[in-house]
Amino acid sequence: PAAVIVAIDGPSGTGKSSTSKAVAAQLGLSYLDTGAQYRAMTWWMISNGVDVGDPAAIATAADKPVLVSGTDPAAPTITVDGADASGPIRTREVTSHVSAVSAVPEVRTVITELQRSIAAAAAGGIVVEGRDIGTTVLPDADLKIFLTASPEARAARRSGELKGKEAADVATTREALIKRDAADAGRKTSPLAKAADAVEVDTTDLTLQQVVECVVTLVEEKR
Ligand code: C5P
C-alpha cells in the first residue's frame, strides 16, 4: 500500500501518544511525537540559560539546538545536540514552560520544517501526533483525527503517568493541564485546533484498545 500519513491532534491527556504509538506499531508505520520536540527545545533553552520568560530571547535561540527524533513506535527517541533528552523533557519544569516556548513563531517555523522533512522521509508512512498537525504541519494528511476527553478523564490519566516526587494530586494536575491547553489553544501562531476535515473521537468512555481499533479502521479505509 502507498505511504499513508495520519495526523492525530488534541489537548493533553486525551491518549494521543498511547493511541498514536499503538496505531503506528499495528500498521507498520513510523511515529513522530511533536510534543517531544517542543519539550526538547524548551529543555535546551532552560539548560543553556535562555530566559524562557522573554519571547525575543527565545526567538533568537530557536535555530541553535539540533533536534533528532527516532521514529520507531516501539522505542521513540529524542536527542538534543546528540544528548538523549527523553528523561528531562518530562519534568514538571519543562512542562510548565513549554507552552510559552512553543508560542514563539520562530520556534514553530524551525520545528514545523523539521516535522515536514521527517514525514516526507518516512517511506512506509507515518503517524504524527501534536496540536497543529492537521491544520498547519501536514494539511494534506490522508487521515486527520482529533481526540477529546472530559477534563476529569484527562487529569486522571496524566496523574497516573507522573511518578515519584513529581506525582501530584488530580486537582493540581487538572489546573495545570487546563492552563496549558488554554495557552495552546489561545496562541496566535498555529493554535491547538480541530481541522475542518478531521474526525473527532471522544475518548472519555473508551479504553485505549477501543480508540486504537477505531483509528486503525479509519486508516485502513484510506489505504
Ligand atoms: O504533547 P505534549 O503534552 O508533550 O506537548 C507539550 C507541549 O508542546 C504542548 O502543551 C504545546 O505547548 C506544545 N506543542 C505544540 N504543537 C504541537 C505539539 C506540542 O505547540 N504540534
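No value in this document is a laboratory result; all are computed from the given coordinates. Bear in mind that the values here come from a model prediction, so they are computed numbers and not experimental data.
Of note:
- For residue 3, distant residues with modelled amide H under 5 Å away: none
- Region 5-216: relative contact order in percent, alpha carbon pairs under 8 Å with at least 6 residues between: 33
- For the chain, the share of DSSP beta bridges that are antiparallel, to the nearest 5, is 25%.
- Exceeding the 20 Å Cα-Cα cut-off - candidates 21/64; 144/222; 16/194: 21/64
- Two-decimal ratio, the chain, of alpha-carbon radius of gyration to 2.2 N^0.38 Å: 0.96
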